[in-house]
Amino acid sequence: LLYSALTEMGYTCIKPQGAFYLWVKSPTEDETEFCDEAKKHNILIVPGSSFAGPGYVRIAYCVAYETIQNALPGFQKVAEHFGLLK
C-alpha cells in the first residue's frame, strides 16, 4: 500500500525486498527539510544520511495497516508542498 500510494503521488521509492523500511528519494536536496515538512503532518521519517543514504529518507512501515492508510493524506500534502503530484 505505502509503496504504491507514494509512487502514484510522484515520490521516487526503492521497492522493498523483504524489509519493513521504505527508502524514498527526497524531493529537495536537504532531506532534513523533507522530514521537517512531514512532521507538520504527523509523519515521522528519518533522513537517509543517518543510515549512509544521503538524498533519501527512510520510512519504517512496521505499523498497523490502518496507520499507513491514515498517513496517506499527510503524504499527499507533503507531495503538494514539494510539487510532486503527477
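The values are calculated or read from the model by the stated rules, or taken from the named source; none is laboratory data. Everything quoted here is computed from the prediction, not taken from an experiment. We place every Cβ from the backbone using ideal geometry, glycine too, and count neighbours over all the protein chains shown. In case anyone asks, the SASA skips ligands and DNA or RNA and just uses the protein heavy atoms, side chains included. Shrake-Rupley method; radii C 1.70, N 1.55, O 1.52, S 1.80 Å.
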Within region 24-43, restricting to residues that are in contact with a helix residue (DSSP H, G or I) (Cβ under 7 Å, 6 or more places away or on another chain) and either part of a helix (DSSP H, G or I) or open to solvent by 60 Å² or more (accessible area, probe 1.4 Å) (or both), the one that is farthest from residue 74 (Cα to Cα) is 31
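Per-residue answers, yes or no, for (1) surrounded by 13 or more Cβ atoms within 10 Å (Cβ to Cβ); (2) at pLDDT 95 or above; (3) of a type outside the set (A, V, I, L, M):
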residue	(1), (2), (3)
51	yes, no, yes
58	yes, yes, yes
66	no, yes, yes
81	yes, yes, yes
Cβ pairs under 9 Å, 6+ apart or interchain, first in region 55-77 and within 18 Å of residue 15 (Cβ to Cβ), second open to solvent by 50 Å² or more (accessible area, probe 1.4 Å) and among the basic types (Lys, Arg), ordered by first then second residue, are 55/25; 56/25; 57/25
Scanning region 4-20 for residues that are open to solvent by 70 Å² or more (accessible area, probe 1.4 Å) and not in a loop (DSSP other than H, G, I, E, B), the one farthest from residue 76 (Cα to Cα) turns out to be 14
